[in-house]
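Q: Quick one: structure below, then a few questions.
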Amino acid sequence: MKILLVQTSHPGDIVLSLPVISFLKEEKHPCTLDLLTTKEGEELLKWDPRINTIITYDKHNKEKSLKDLLKLSALLKKNNYTAAYSLHRSYRTALLLFFADIQERIGFKNSAFSFLYTKKVARLPFLPDIFRNLLIATDNFKKIANTEAKLYLKDAKNSDPSVQQYLNEKNLALIFPGSKWATKQWTLEGFAKTANWLKAQAGLKVVVAGGANEKSLCQAVAKKSRTECLANNVALDDLALLVSKAKLVVCNDSLPLHLASALKVPVVGIYCSTVPEFGFVPLNSPAVLVRKTGLYCQPCGRHGFKKCPINTHNCANLLSAKEVI
């Protein structure tokens, strides 16, 4: 049996899809499993021995045209897949798999162009996202609850030097102050005070980390808290390796939250414009989820915005470091 799994969403969503890989390999054995994902997804999952081939799809940039979609569907058709499971709910994905002429195409009922799927599955909104994803492969809730989210890591010897310097640190705490969406981001001052507390009261070595696009924010938090800063173009597999060595991660509702969960690292997740009830929560590690309650405007969106819709950002500004610590 030759299976294609499709997940071309954000990196955090890709991490939340890991149990589907585990389930398909165990329950559909023997099978060959290929993955269609983004370049970021490839960075995270290229060390996973369960995946035969990773096919990347740059749907927002180099491969965003209809011509590119048809070219990719032709490639998929040549691979002769028995079944395709789509975790992504866009019309583009539905069209891609339809044109690839894959005999069995499984998607969610609330997907765009869901009529193009041969089997449609309800995506129950009250479940954590990690369980919702598994519904695409099984309706056995006992199996859903017991399926592991396993993230395979690269060899530490091959890690980026900027990451390698911290891999033997026994009391490492990582603070990730950034987020793709400004409204999901807690305050600079809050992160700095938390970093100071972790140093002084918990005796941890604190490193403020993030991507190259978050460098100025990370440097500001590190300067204010007199901690070290690691914010550059580190690949996501290096980032995952770094998280695996931490004793604690403190972050927004973003990728590091889900990396920590998959790697069973204790995590403090801070929710600003989003809420845990959306289902994007850590389930595999000790976790404390914090948010400012009692705000009429929260949540303001499922993914967040570049700017607070009512220009207050109270979900972040009113949440004190004391509440997080």
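None of the figures in this text is laboratory data; all of them are computed from the coordinates on show. Source: prediction; values computed, not measured. Glycine also receives a Cβ, built like all others from the backbone with ideal geometry; neighbour counts cover every protein chain displayed.
Q: Working only within the range 216-243, note down all residues that are within 21 Å of LEU44 (Cα to Cα), touching a strand residue (DSSP E or B) at 6+ places or on another chain (Cβ under 9 Å) and either in a strand (DSSP E or B) or charged (D, E, K, R) (or both).
A: Listed by number, the residues that qualify are LEU230, ALA231, ASN232.
Q: If you scan the range 132-148, which residues turn out to be surrounded by 18 or more Cβ atoms within 10 Å (Cβ to Cβ) and either assigned to a helix (DSSP H, G or I) or among the basic types (Lys, Arg) (or both)?
A: Those that are surrounded by 18 or more Cβ atoms within 10 Å (Cβ to Cβ) and either assigned to a helix (DSSP H, G or I) or among the basic types (Lys, Arg) (or both): ARG132, ASN133, LEU134, ILE144.
Q: If you scan the range 91-136, which residues turn out to be in contact (Cβ under 8 Å) with a residue 60 or more places away in the chain and charged (D, E, K, R)?
A: ASP129, ARG132, listed by residue number.
Q: Taking into account only those residues within the range 78-101 that are part of a helix (DSSP H, G or I) and surrounded by 14 or more Cβ atoms within 10 Å (Cβ to Cβ), which is nearest to the chain's Cα centre (by Cα)? Step through it out loud before you land on a result.
A: From the range 78-101, those part of a helix (DSSP H, G or I) are 78, 91-99; that's our starting set.
Filter once more, keeping what is surrounded by 14 or more Cβ atoms within 10 Å (Cβ to Cβ): 92-99.
Details: ARG92: 21, THR93: 19, ALA94: 22, LEU95: 25, LEU96: 23, LEU97: 23, PHE98: 27, PHE99: 28 Å.
Here the residue is THR93.
Q: A further question follows. Report whether or not VAL206 is more than 29 Å from ASP48 (Cβ to Cβ) and either more than 18 Å from the chain's Cα centre (by Cα) or part of a strand (DSSP E or B) (or both).
A: On the way: more than 29 Å from ASP48 (Cβ to Cβ): yes; either more than 18 Å from the chain's Cα centre (by Cα) or part of a strand (DSSP E or B) (or both): yes.
So VAL206 passes the test.
Q: Look at LYS322 and say whether it is touching a residue at least 60 places away in the same chain (Cβ under 8 Å) and exposed (fewer than 13 other Cβ atoms within 10 Å of the Cβ).
A: Working: touching a residue at least 60 places away in the same chain (Cβ under 8 Å): no; exposed (fewer than 13 other Cβ atoms within 10 Å of the Cβ): yes.
No; evaluated as a whole, the condition is false for this residue.
Q: Can you tell me how many residues within the range 114-129 are more than 18 Å from SER17 (Cβ to Cβ) and buried (at least 16 other Cβ atoms within 10 Å of the Cβ)?
A: The qualifying residues number 3.
Q: Considering only the range 131-138, I want to know if a residue exists there that is more than 18 Å from ASP13 (Cβ to Cβ) and within 24 Å of the chain's Cα centre (by Cα). Steps first, answer last, please.
A: Pass one, the range 131-138, residues more than 18 Å from ASP13 (Cβ to Cβ): 138.
Cutting the leftovers down to within 24 Å of the chain's Cα centre (by Cα) gives us 138.
Yes, the conditions are met somewhere in the range 131-138.
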